[in-house]
1. Could you state the principal axis extents of the C-alpha atoms in segment 27-180, from the largest down, to the nearest angstrom?
2. Using the Cα atoms as the points, what is the convex hull volume per residue of segment 21-295 in Å³?
3. Could you name the aspartates and glutamates in cross-link range of Lys151, using Cα to Cα under 17 Å and dropping any fewer than eight places away on the same chain?
4. Which value, in debye to the nearest 20, gives the size of the charge dipole of segment 16-135 about its Cα centre, when Lys and Arg are +1 and Asp and Glu are -1 at the Cβ?
Amino acid sequence: MLAANNLIEIFEPMAPISKQYLFEMGNYGFRVYNPDKDEEAVCRLCWNNALPGGRPFPLIPEAGAVSFGRIVTGPFAQYAGDYFYVVDDLRTEELVGYLTGAEGSDVTTKKGMVPWMQWRDKSAEQIAEKEFGEISFKLYLPMLGYLESRKFLYTLSLGGRAVQFLLHAKFNNSKEMPKAPPCPEYHFHVKAGHRRQGIGSRLIAHFLSQFPNKKKYRKICAQVTVCAGHKSLEYYTGLTCEGKKLWKVYDKRETAMYSASEKRAWGLGPVVENVSLVADRKRLLAYVSKITSAESPVLSTTSQL
């Protein structure tokens, strides 16, 4: 049995590492996100993972991939950069994974303290308007949007379905976003071809290790989109660690982002839901530590599992 207070010991680096990396694991280097260097690569990875199942998001074509990624990752980069990590393939120097995280504390604004999740969603809406313009207004009165005509034309160039997606995200995001408790939150993605190497688990383990064992940090939140045919809600609720459930559903809401024909075409099942999952921090850390040590040849030789 691996004691909770000994979990970090198995992650000590085996050899000296480059100064730019927090640590290395096999052929991968883990470091803090650098917006000037990493933004485009992270945004494209995000876009490729946006549809349930990890395929490129079909409603926004390749031309809008970076803009879409900014909407999703931008609030974390702006407010919680210390918890934004990326992974490089040391052989090719390609960015192959990332984790965006946040402490979950209220955000200080000019209007006072705002809950993190509320601030995150409002910030994402503002980024969307910066990237695509105030499309709900310009679709009907384009001449009044003259000063942002380039944004308007760019948005229209993405196609009618992409415009529908953006309108849906603007007017329905708050209704379709599940509630979440005020606790640390994370999202991550690893590029196809680099999975099953322990990268995702290692990212999560490093993020979880940043928080002290205080009552405030007992819980961890992750928001996912689930549906039949891919990773269903049952997949997450069925995960266990030492005989106990890993994730519990805090809130879930169906999304109308996809039409019936799109669900059939992409194998999404009849219902697509956005779900807030909550886990005990220590239990989740123990789980990902086991996964990492089992999947990584480097770490499995040093662990005492």
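Values in this text are rule-based calculations from the coordinates and carry no lab data. Computed from a prediction, not measured in an experiment: that's the story for all the values here. For neighbour counting, all protein chains shown are included, and Cβ atoms are generated from backbone atoms with ideal geometry for every residue, glycine included.
1. 52, 40, 30
2. Working: hull volume 39.3 nm³, N = 275.
It is 143 Å³ per residue.
3. Cα-Cα hits under 17 Å: Glu62, Glu125, Glu129, Glu131, Glu134.
4. Numbers: 12 positive and 18 negative charges, 42 e Å.
With only Lys, Arg, Asp and Glu charged at Cβ, the dipole is about 200 debye.
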